[in-house]
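Comments concern the structure below.
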Amino acid sequence: MIDLQTLVEETGAESGLSFNIDGVLNESVNLEYDGNVAAMIGMILKMCLEMSEDVNNGDLKQVMIKNNDGIVVASKNQDDNCIALLSKDLSKMGLLLRKMDSIFNN
């Protein structure tokens, strides 16, 4: 089980979510409208998963969304459990990607 609060603190992310691929929220840290955000990120992951299957690119593991004001990194495991970290500091992108990879590869 992942301690979401510790994960947010270790990475310096502003907030984080734990949810399933259907967008059902399990836990959130420092996020307003967390249920809506979980549903939207879950839908993005599900659509990207289907696209990855359609183009025969293998299993989807992670999605990164970058905009002018920050980054969202969302990862899923083989059981469709998902974690998303949100940061307003784009320089943390590498750390977020690496930390998420280490969590889901163990």
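Each reported figure results from applying straightforward, stated rules to the coordinates on display, with no laboratory input. None of the values given here were measured: they were computed from a predicted structure. Neighbour counts are summed over all protein chains in view; Cβ atoms, including those assigned to glycine, are modelled from backbone coordinates with ideal geometry.
Applied to the stretch 25-33, the Karplus parametrisation 6.51 cos²θ - 1.76 cosθ + 1.60 on θ = phi - 60° returns per-residue 3J(HN,Hα) values of 6, 9, 7, 9, 10, 6, 9, 7, 6 Hz, with x for Gly and Pro. Here is the P(r) of the chain: all C-alpha pair distances, binned every 10 Å from 0, give 16, 52, 29, 3 in whole percents. Angle of helix 93-104 to the longest C-alpha principal axis of the chain, folded into 0 to 90 degrees and rounded to 10: 60°. Pairwise Cα distances in the stretch 9-66 exceed 13 Å for 64 percent of all pairs. The dipole here belongs to the chain: it is taken about the Cα centre, uses +1 on the Cβ of Lys and Arg and -1 on the Cβ of Asp and Glu, and is about 320 debye. Close amide-amide hydrogen proximity is noted between Ser15 and Leu86, each under 5 Å apart and 5 or more residues distant or on a separate chain (H modeled in the peptide plane; Pro and chain starts excluded).
With θ taken as phi - 60° and the Karplus curve 6.51 cos²θ - 1.76 cosθ + 1.60 applied, the whole-hertz 3J(HN,Hα) list for the stretch 35-45 is x, 5, 5, 4, 5, 5, 5, x, 5, 4, 4 Hz, x standing for glycine and proline. The HN-Hα couplings worked out from phi for the stretch 55-64 by the Karplus form 6.51 cos²θ - 1.76 cosθ + 1.60 (θ = phi - 60°) are 9, 6, 9, x, 6, 6, 10, 7, 10, 10 Hz, whole numbers, x standing for Gly and Pro.
The Rg/Rh ratio for the stretch 46-106, using Cα coordinates for both the radius of gyration and the Kirkwood hydrodynamic radius, is 0.99. Counting only lysines at least 8 places from Lys92 when in the same chain, those with an alpha carbon closer than 21 Å to its own are Lys61, Lys66, Lys76.
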